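Take a look at this one; I'll ask things after.
The values are calculated or read from the model by the stated rules, or taken from the named source; none is laboratory data. Just so we're clear, the structure is a prediction, and the values are computed from it rather than from any experiment. Ideal geometry is used to build each Cβ from the backbone, glycine not excepted, and the neighbour counts take in all protein chains shown. For the accessible areas, the whole protein counts, side chains as well, though only heavy atoms, and no ligand, DNA or RNA atoms are used. Shrake-Rupley method; radii C 1.70, N 1.55, O 1.52, S 1.80 Å.
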Amino acid sequence: ADVSGKGIAASLLTASLEALAAGPIHDGVDPETICDRVSHLLFERTPPEKYATGFLTTFDPANGIVRFCNAGHNPPFLLKAGDVETLGRTGLPLGIIEDTTWECGRAQLDRGDALVLYTDGAIDAQTTEGDLFGQERLLEAIQASRRSPEPSAASAQEMEQAVLSAIHDFVGDAARFDDLTLMVVTRARS
């Protein structure tokens, strides 16, 4: 998830978002119901300019099925053998409108596939001249880092570090202006 704003107010919104979602996640509630509940409660409790984007997913390791709701968040990349899919938006950001619904998307995470989630701090990272890292460079860095022969938990960590290094190398000495979160999930081949 990523919340609107900066500083203490954004930190409080993040804590509130986590608290509202923790119970339903723990109880195994489906992603679309969690988005509905959390969004409604955020709308009731926060001013209109306060909202959050989020990507909520469940994964069944037995069959590789990924069910997800993308509440206005940057679309994660699903890297499959020779192909890249994006897991696009299935609804509005959380807390924007009082009553809205989310579709639940489905994808297949096969053995050897990787799912890469990120916040806008990755694509909005910029040089001192104002050049943005952007989604295209992010995807190039992900694909370059994936050239190891066998994705595994270790290679997910290596991929994450390689992508973060590519972003930091691009930015150079420029000051960071936004947080950056990157998560890589791989499904081992065996």
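For the range 1-136, with only Lys/Arg (+1) and Asp/Glu (-1) charged at the beta-carbon, what is the dipole magnitude about the Cα centre, in debye rounded to 20?
Working: 9 positive and 21 negative charges, 50 e Å.
Its charge dipole is roughly 240 debye.
Something else now. Can you tell me how the range 64-144 classifies by the Cα gyration tensor, rounded, prolate or oblate, using a/c under 1.5 as the rounded cut?
oblate
Here is a follow-up. Tell me, what % of the accessible area of the chain is carbon and sulfur with a 1.4 angstrom probe? Don't skip to the end; give the middle numbers.
Numbers: 5210 of 9990 Å².
Carbon plus sulfur share of accessible area: 52 percent.
Could you do me a favour and compute the accessible area per residue for the chain, 1.4 Å probe, result in Å²?
53
So for the chain, taking the charge dipole from beta-carbon charges (+1 Lys/Arg, -1 Asp/Glu), which of V38, A81, G23 sits furthest toward the positive end?
My answer, from the dipole projection, is A81.
If you don't mind, another one. Return the whole-Å distance between the Cα centroid of the range 82-127 and the Cα centroid of the range 26-75.
The two parts, judged by their Cα centres, are 11 Å apart.
If a/c stays under 1.5 just call it rounded; otherwise compare a/b with b/c (prolate if a/b is bigger, oblate if not). Do that for the range 94-190, with a ≥ b ≥ c from the square roots of the Cα gyration tensor eigenvalues.
oblate
As a test question: what accessible area, to the nearest 10 Å², does F77 have when a 1.4 Å probe is rolled over all protein chains in place?
Its accessible surface works out to 10 Å², give or take rounding.
Okay, moving on. Please compute one quarter of the surface area of the Cα convex hull for the chain and express it in square nanometres. Show your work: numbers first, answer last.
Working: hull surface 44.6 nm².
Taking the Cα atoms of the chain, their convex hull projects to 11.2 nm² on average.
Restricting things to alpha carbons, tell me how big the range 18-60 is in terms of Rg and Dmax, in Å.
For the range 18-60, the Cα radius of gyration and maximum Cα-Cα distance read 10.9, 37 Å.
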